[in-house]
Amino acid sequence: MKNKKAKKVMAGSMAVVIAAGLAGTCGYYNHASEVRAEEDTEVLQETAEQVLGDSDTGDDGEFYKEESVYVKADASGHPMKTTVTEWLKNPEKGTFEDSTELNDIKNIKGEESFHEGTDGSLQWQSEGNDIYYQGTVDKELPVDVKVSYKLDGESISPEELEGKDGKLEIHFEYENKSKETVDVGEENVEMYTPFTMVTAMMLPTDGYKNVTIDNGKIISDADKDIIVGVAFPGLEENLNLQDLDVDIPDSVTITADVEDASVEPTITLASAELLNEIDLDNIDSFDDLEGSIEQLEDATNQLVEGSKSAADGAKELADGSKTLSDGVNTLNDKSGELASGMNTLADGVNAYVGGVSQLASGSTSVANGTATLKSGVQTVQAGIASAKAGADQLVAGYTGGGTETGVGVVTAAQSISDGITALNNTLSENTSLTLSSAQEQSISGMAYQMAVKSVENIPEDTFTNLGTTKTDYISNLSGQYEELLKLQFTNTMNQTAATVKSTIKDNIQPIVTGAPALAAGVNQLYAGTVDLQKGLSQLNDGSASLVQGTSDLYEGAIALQQGAAKLNERSSLLSTGTQSLKAGGSQLTSGVGQLADGAGQVADGASALADGNQQLSDGMAEYKESAIDKLTELFNGDIQNVTSRIDAMKTLSRNYKSFAGIKDGVNGSTKFIIETEGID
C-alpha cells in the first residue's frame with residue numbers, strides 16, 4: 001500500500017514537469033501569431049526553441065561552450081549527415097585548450113587560429129573574442145526520431161504518399177539511447193538522460209483539414225497550421241511509473257484529412273536541460289512539496305484568470321478589427337471619387353497650361369504690334385512737323401513773305417496739302433496708345449486683389465504639393481491678371497483712339513479733296529490757318545509725348561513677352577506634376593483596395609486569436625481541474641523517493657554538456673536539431 005502511494009506521488013510530481021513543458025508551448029501560441037511564421041525551417045526551429053525556453057549559456061562572464069548538433073535526415077528520420085557548431089564564449093586572450101571529436105574543423109566567424117594536439121585537443125590562439133567553429137562527426141546520436149505514415153489505416157512510404165487523398169496519420173516515435181547508472185536513495189539505478197523532444201512542422205490548410213495532435217498544440221497561421229509536439233522518451237521508466245495510469249508522452253501522432261497530400265519537412269529539437277528549471281533543493285518533506293504544489297495551484301489560477309482576460313481582450317481586438325475593416329472598405333469605396341477628382345484637377349491644369357501657352361504666343365504678337373505702332377507714331381510725328389512747317393509758310397506767304405506777292409501763299413498751300421495728305425495716310429495706319437503710370441498702378445492693385453480672392457479658400461498644403469507657396473502663387477497669378485487687365489484697358493483706349501482718328505479722317509477728307517483748289521481760296525483760309533498753326537503746334541508738342549509713350553509700351557511688351565515665356569515654361573512643369581499626381585491617385589486607389597483586403601485579414605486573424613485565447617482559457621481551466629486539483633489530493637505519503645529520482649535526473653541533465661566533446665571542468669550545453677526533408 002505504501003509503495004502504491006509513493007508511485008501516485010511520483011505520478012503527481014511528473015505532472016508538474018509536464019505542465020512546465022507544455023506551458024512553454026502555450027506561451028508560444030501568441031508569439032507565433034504575432035510573427036506570422038514563414039515557410040522555412042528557421043521558423044520551425046524558432047518555434048521549437050520557444051517551447052524549450054532559454055538555456056544557461058554562460059552569461060556570467062565565465063568560459064562556456066555551447067554546442068548545436070545539426071542532423072540532416074530523410075523523410076523517415078534516418079540521419080544522413082551530422083554537422084556540429086561550437087560556440088566558445090568568454091575566452092581570455094592567449095592560448096587555451098578545447099577538446100573535440102570533430103573532423104574538418106574550420107573557424108566560421110573569426111580569424112583566430114588553432115592547431116591540433118596529439119590527443120585530439122585543439123590549441124586556440126584567442127584575442128579575447130567569442131570563437132565559432134564547425135566540423136563533422138560520424139557518431140551515433142543519443143536520441144532518434146522515426147517518422148511513419150498511414151493513409152486510411154494502411155502504412156505508406158513518404159514517396160508513395162505524395163499526391164494522395166484520404167485519412168492521414170503521421171507518427172513521430174522518439175528513442176532515447178542515452179543511459180547511465182545513478183544513485184537513487186540507497187540503490188544504483190539505470191536511468192535515461194532526461195531529453196525533452198519538441199517537433200515542429202507546417203501543414204498547408206488548403207490540403208490538410210481537421211488536423212489533430214495528441215501531445216502538443218496546433219497554431220493556425222493564415223494559410224499554414226504550425227504543429228508543435230512534445231515528448232519525454234524514457235521519463236516514465238525513470239520515475240518507475242509503468243504500472244500506474246499515468247500518461248507521459250514519448251511519441252507524437254498527428255491526424256488530418258488530406259487532399260493531394262504533401263510530405264513536409266520537420267524540425268525536432270532535443271535538449272536535456274528542461275529539468276534544470278525544477279527547484280527541489282529545499283523540499284525534503286511532504287509539507288514542503290505540498291506548499292510548492294499550492295504555489296503552483298495559485299499560479300495556475302492566476303494563469304486561468306489571465307487567459308480569460310486575454311480571451312476577452314482578443315474578442316475586443318476582433319471587434320475593433322472588424323470596425324477597421326468596415327472603415328477601410330468605406331475608404332476603398334470613396335477612393336474612386338478621389339481618383340475622379342484628381343483626374344478633373346489634371347484636366348483643369350492642362351487647360352490652364354494651354355491658356356498660358358496662348359498667352360505666351362499672344363504676348364509675342366503684342367511685342368511685334370507695339371514695334372509697328374512705335375514706327376507709325378514716328379511717321380505721324382514727321383507728318384505733323386511737315387504740316388506745321390507748311391502752315392508757317394502759308395502764314396508767311398499770305399502776308400507777303402515770298403519773293404512775289406501770292407507765290408508764298410501758293411507754295412504754303414501746296415505744303416499744307418502735302419502735309420494733310422501725309423496726316424491722312426498716318427491716320428489710316430494701325431497705331432496704339434500706352435497706359436499712364438497712374439493707370440498701371442491702379443490696374444496692378446486690382447489684379448492683386450483678384451488673385452488673393454481666387455485662392456483664399458485653398459489650403460496651404462495644396463500649393464506645397466505643387467512645389468510652391470501660397471504667397472508665390474498669388475504673386476504669379478496677380479502678374480497674369482495685371483497683364484490681362486492692361487491688355488483689356490489698352491484695347492479700350494485704342495478703340496476710343498480709333499474712333500477719334502476716324503472722326504478726324506472724315507473731317508479732313510474734304511480738305512484733302514479740295515487741296516488743289518486751295519490756292520484760289522487762300523484769302524478765305526488765312527483766318528483758319530492761324531488757328532491751324534496753333535493747333536499743329538500743340539499737336540507737335542503732343543506727338544513728342546506720344547513717341548515716348550510708344551517707346552515705353554514697346555519695352556513693356558518685350559518684358560511681357562519674356563515673362564509669358566517663363567510662365568509657359570513653368571506651366572509645363574505644373575502639367576508634368578499634375579500628371580504624376582493623377583498617376584499617384586490611381587496608385588492610391590489600388591493601395592486602398594489592398595488595405596481593405598489587409599484589414600479584412602486582420603479582422604479574420606483577430607477573430608482567430610480571440611477564439612484561440614478562449615480555447616487557451618478553457619484548456620487552462622480544464623488543466624487546473626484535471627491535473628492540479630487532483631494532484632493536491634495525492635500528497636498523503638512519503639515523497640523522498642520521488643525527489644531522489646528527480647534529483648538524479650537533474651544530475652544527468654547537468655552532466656550532459658556535449659555530444660562532440662568538452663574539456664573537464666568546463667561548463668557547457670548541447671542541443672540537437674534534427675531536420676527531416678520534405679518530398680516535392
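The values are calculated or read from the model by the stated rules, or taken from the named source; none is laboratory data. These figures come from a predicted structure and were not determined experimentally. Reconstructed Cβ throughout: ideal geometry from the backbone, glycine too, with neighbour counts over all protein chains shown.
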Please work out which residue is farthest from Lys146 (Cα to Cα), limiting yourself to the range 664-680 and to residues that are among the charged types (D, E, K, R) and part of a loop (DSSP other than H, G, I, E, B). Asp664
As an exercise: evaluate Asn636 against (1) surrounded by fewer than 19 Cβ atoms within 10 Å (Cβ to Cβ); (2) modelled with pLDDT of 65 or more and give the number of the one condition it does not meet. (2)
When you scan the range 488-501, do you find a residue that is buried (at least 17 other Cβ atoms within 10 Å of the Cβ) and at pLDDT 80 or above, even just one? yes
Test for Asn103: is it exposed (fewer than 13 other Cβ atoms within 10 Å of the Cβ), in contact (Cβ under 8 Å) with a residue 24 or more places away in the chain and either of a type in the set (Val, Ile, Thr) or within 30 Å of Thr266 (Cα to Cα) (or both): yes
Among (1) crowded, with 23+ Cβ neighbours inside 10 Å; (2) over 44 Å from the mean Cα position of the chain (by Cα), which single condition is Glu180 missing? (1)
Phe172 passes all but one of the listed conditions (1) at pLDDT below 95; (2) crowded, with 20+ Cβ neighbours inside 10 Å; (3) hydrophobic (A, V, I, L, M, F, W, C); the exception is number (1)
Residues being out of contact with any Lys or Arg (no Cβ under 9 Å at 6 or more places or on another chain) and in a strand (DSSP E or B): count how many of those fall in the range 104-124. 10
From the list Glu66, Glu86, Glu62, pick out the single residue that is of a type outside the set (Phe, Trp, Tyr), within 25 Å of Gly665 (Cα to Cα) and either part of a loop (DSSP other than H, G, I, E, B) or outside the structural domain of Ala660 (by TED's automatic domain parsing) (or both). Glu62
Among the residues of the range 461-475, write down those that are surrounded by 15 or more Cβ atoms within 10 Å (Cβ to Cβ) and closer than 20 Å to Ala559 by Cα. Tyr473, Ile474
Qualifying residues in the range 454-474 (those that are part of a helix (DSSP H, G or I) and in contact (Cβ under 8 Å) with a residue 12 or more places away in the chain) - the one nearest to Gln441 (Cα to Cα): Ile474
Could you please give the count of residues in the range 27-69 that are among the aliphatic types (A, V, I, L, M) and at pLDDT 75 or above? 4
Pairs where the first residue, in the range 248-262, is under 20 Å from Val198 (Cβ atoms) and assigned by TED's automatic domain parsing to the domain that holds Gly163 and the second is polar (S, T, N, Q) and in a loop (DSSP other than H, G, I, E, B), C-beta under 7 Å, 6+ apart: Pro249/Asn215; Val252/Asn215
